[in-house]
Amino acid sequence: MRRYLLPVLAGLVLGGIVHIVTTLAMPQLALDNAFVRLSKLGPANSVQFLPDATPEEAIIPRADPAFINAVCRYNLDAGVLKVRVPTSADYTSVSFYTRRGLAYYSINDHAAGQRTIELQLMTPAQRAALPEDEEITRADRLIVESPTTEGIVLIRGFVREPGNRTRVRERLANVSCAPES
Amino acid sequence: MRITAILLAVAVGVVSGLGLTWLASAGALGFGTVKIGAWTTWPKSGTPEADPYSRAFYARSGELPLGSTDGIAFTATADDNGAALNGRCDIHIAGRMPAARFWTLTLYDGQGRLIENASERHGYTSAEVLWKPDSQIEIVLATRARGGNWIPTGGRERVSAVLRFYDAPIGLTGRSSNTVELPAVWQEFCP
C-alpha cells in the first residue's frame, strides 16, 4: 500500500495544476458561450431582439423573463460604433461584454440621467486616435472602451407586468447600434 | 514498477484536476461564490474583476452575468436547511427584500429552463407581487394553484429560484456576508 502513496500524492499535486490551468482556459475553450449563441441571430453591428424565453428554448440560458432583451454583437474592425438606446418608463439598462462573456461596463437609465442613452464604443487604439480637440467637444458624450475588438452589447427593458410587454418592445424598437458615419 | 507509478500519478492528476474543474465550473462546489442564507451569488461577476471561477461558469453555461450597474442575482437551489428544492413540496420564500429600484423572482427547472404552465407564470416582479402590510412578501412555489403569490412548479423534482435586484446599492464583503438580508426559504408537505 505504501508504495502507492507517493504516486498518488504526486498525482494530486498534478491534479491541482490541471484544475488551475483548465479553469483559467475555460473562457477560451467554451464552445457554446453567449457570443457563439448570439451569432446565430444575425450579423454583427446590428440590433437583434432576443425571442422571449420559453420552456423549450432560450438562446441565453437563465435570462430574466421580466425583460425585453435586444443585443448587438459587435466587431470594431469596421470603426467606432454608435449606440443609441431610448429608455422606457420603467427601467432600461445597457451592458457590455467581451467575446468571452466578461462584463466590463454597464449603465442604466438613472445613471445616464437622460431619456436616451447615447454612447460611442471603441477600442483603446481608436480612442487614442481621436483628434484632441474633438475629445474635448465630446466630453459630454459617453465613450466606452472595449478591451476586445469583438463583444456584445445587451440592451434590456424592464416589463413590470406582462401587459406592458408590447409597449416596452415598441420603445426599444428604436435602439440603434451601427458604425459611425 | 516505475512506469506503473508514473502512470498512476498521471491518471490521478488528470482525473482529479478535470473533475474538480468540471464541478467548479458548474457552480457545484461553491468556489468563488458568496452565500447568504439559502442564496448564492458570484460577487464581481458583473465587473472586469470577475474571478476565474465565475468567468469559467458563465463561459460554460452561455449565460450573461448582470452588469454591476444593472443588478445583482442570487440563486437558491436548496432551502435554509440545505435540502435541495423539490417542486413537489410547497416551497416558501418569505421575508423582507433589500432596497432596490425593482426586483424579480424567477423559477427554473433543474436544467435552468422555465417551467411550462397554463397561466404562463414563471415568476414575479416587485411591481406585480402582492405585498403584506408590513412590506414583507411571501411567495409559494408549488404544484397546485393557491391564492396569493403562487408560481407553479409543474411537479419538477429539482427546481431553482433566482432573485434579481436592479439598480440596487447592494455591496458584498467577505464570503458569507451578513450586511444583506434576504428572504427565508423553507419547504413543507414534501411527498
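The values are calculated or read from the model by the stated rules, or taken from the named source; none is laboratory data. These numbers were taken from a predicted model, which means no experiment stands behind them. Here the Cβ is made from the backbone with ideal geometry for all residues, glycine too, and neighbour counts use every protein chain on show. When the accessible area is computed, the model is the full protein with side chains, heavy atoms only, and any ligands, DNA or RNA have been set aside. Shrake-Rupley method; radii C 1.70, N 1.55, O 1.52, S 1.80 Å.
Quick notes
- Selection within region A:148-171: residues that are in contact (Cβ under 8 Å) with a residue 24 or more places away in the chain and polar (S, T, N, Q). The member of this set that is nearest to the other protein chains (Cβ to nearest Cβ) is A:Asn164.
- In region A:1-56, the residues that are facing chain B (nearest Cβ under 7 Å) and within 30 Å of B:Pro152 (Cβ to Cβ): A:Asp32, A:Ala34, A:Arg37, A:Ala53, A:Thr54, A:Pro55
Table: residues versus (1) within 8 Å of chain A (Cβ to nearest Cβ); (2) in contact (Cβ under 8 Å) with a residue 60 or more places away in the chain; (3) among the hydroxyl-bearing types (Ser, Thr, Tyr); (4) out of contact with any Phe, Trp or Tyr (no Cβ under 8 Å at 6 or more places or on another chain).
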| site | (1), (2), (3), (4) |
| --- | --- |
| B:Arg2 | no, no, no, yes |
| B:Val15 | yes, no, no, yes |
| B:Ala26 | no, no, no, no |
| B:Gly32 | no, no, no, no |
| B:Trp42 | no, no, no, no |
| B:Glu49 | no, no, no, yes |
| B:Gly67 | yes, no, no, no |
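- Per-region count, region B:77-131, residues more than 13 Å from every other protein chain (Cβ to nearest Cβ), under 11 Å from the mean Cα position of the chain (by Cα) and among the aliphatic types (A, V, I, L, M): 2
- Conditions (1) under 20 Å from A:Ile60 (Cβ atoms); (2) in a helix (DSSP H, G or I); (3) open to solvent by less than 30 Å² (accessible area, probe 1.4 Å); number of the one not met by B:Ala9: (1)
- Pick from region B:1-58, criterion of a type in the set (Val, Ile, Thr) and in contact with a helix residue (DSSP H, G or I) (Cβ under 9 Å, 6 or more places away or on another chain), ranking: farthest from B:Tyr166 (Cα to Cα): B:Thr4
- Failed item, numbered, when B:Thr40 is tested on (1) open to solvent by less than 30 Å² (accessible area, probe 1.4 Å); (2) closer than 27 Å to B:Ala84 by Cα; (3) of a type in the set (Val, Ile, Thr): (1)
- Qualifying residues in region A:12-33 (those that are among the polar types (S, T, N, Q) and in a helix (DSSP H, G or I)) - the one surrounded by the most Cβ atoms within 10 Å (Cβ to Cβ): A:Thr23
- Helices (runs of 4 or more DSSP H) (entirely within region A:92-181) containing at least 3 residues that are open to solvent by 50 Å² or more (accessible area, probe 1.4 Å) and either modelled with pLDDT of 90 or more or over 22 Å from A:Arg37 (Cβ atoms) (or both): A:124-128, A:132-137, A:165-172
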